[in-house]
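This report refers to the structure that appears directly beneath it.
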There are 2 protein chains.
Amino acid sequence: MPRSSLADIDCSIAQTLDVVTEWWTLLILRNAFHGMRTFDAFQEHLEISPSVLSARLKKLTDRGILEKRPSSTDGRSHEYRLTRRGLDLYPVLIALKDWGEKWVPNGRGRRMELIEKATGKPIRGAAVLSHDGRPLDPWDVQPTAGPGADDKIRGLMRKASG
Amino acid sequence: MPRSSLADIDCSIAQTLDVVTEWWTLLILRNAFHGMRTFDAFQEHLEISPSVLSARLKKLTDRGILEKRPSSTDGRSHEYRLTRRGLDLYPVLIALKDWGEKWVPNGRGRRMELIEKATGKPIRGAAVLSHDGRPLDPWDVQPTAGPGADDKIRGLMRKASG
């Protein structure tokens, strides 16, 4: 029978997708990385229905990616802040951005420039690095099963090396 | 009215999500990066229904991420190979994997080890790099509107710097 959920697939990619795969979830995170914090700001900027936004923010809070806390400027309202777990999604967001700028451009130039504050220079973007920090291409890397691999992952790795 | 598609959001992240957000799509790509090439191999490994798999492979082929061509071993069948455009999704996949291993571990150790072929050492993983290759954290980077930004992106950037 076909699956309808990723939760039972013991793969690190599937487990991450189970949390962040939904469109709105990643766009909410994009805005959070840009410093957006309040329900009203997310709702206005994303043109998302309040009920969908509530559900997505609840999921992100339940999964420990956002933290809901009293507003720093208005004690009666709340704001949503990225946790360490959420901040660790930064390379995912930047890798998605890099690919979109390169392969789905809008013909008017880059939509967004990411500038390193310390140097004022545009960043290079997301890359896969070797142990000593050299950028690697897919064909430079051999996937192998780790100690936590289940039979499905082991099967995939055998194909990869076969 | 709430949106039902990402296609009209002119943001490089949204445009990438519009292509790769669907669960199966990213798991098909995961397997393709591991060297899987045939319909039957994808179907058997992912336990996905043939009709869903067909639709996903067609979408990936239509978007130029996979290329369908005659099998190198059996001229009557076909295989699916990553294009340059598809290979460029590698940092997205590795960033998803890194996060899942760190934040959704299975308690038995790493599911997968990625070894650099040239050195035999485990890779460091995905990172966001400065212009000269130093790893950056989210708070090191200032997003600004580029020449291709529309009003929505400009609004987001103003919040980011405000």
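Observations on the structure shown:
- Charge context of residue A:145, other residues only, Cβ under 11 angstrom, K/R +1, D/E -1: +2
- Near the amide H of residue A:79, within less than 5 Å, lie the amide hydrogens of A:69, A:71, all on another chain or at least 5 residues away, with H placed in the peptide plane.
- Set of segment B:22-61 residues, backbone N closer than 15 Å to the point 7 Å along the Cα-Cβ line of residue B:67: B:61
- Kirkwood Rh (inverse of mean 1/r, distinct Cα pairs), segment A:22-162, angstrom: 18.3
- Within straight-line reach of residue B:97, meaning a Cα separation under 21 Å, sit the following lysines at least 8 residues removed in sequence or on another chain: A:59, A:97, A:152, A:159, B:117, B:121.
- Nonlocal amide H pairs with residue A:66, under 5 Å, H built at 1.01 Å: A:61, A:83
- For residue A:141, the residues whose amide H sits under 5 Å from its own are B:117, ignoring neighbours fewer than 5 places away on the same chain, with H placed 1.01 Å from N.
- Were the residues from residue B:144 through residue B:55 laid out at 0.36 nm apart, the gain over their Cα-Cα distance would be 28.3 nm.
- Cβ-based exposure ranking for A:65, A:48, in which fewest neighbours within 10 Å come first: A:48, A:65
Throughout, read-outs are computed from the coordinates displayed, never taken from laboratory work. What you see is a predicted model; the values in this text were computed from it and never measured. Methodologically, a virtual Cβ is constructed for each residue, glycine included, from the backbone with ideal geometry; neighbour enumeration extends over all protein chains shown.
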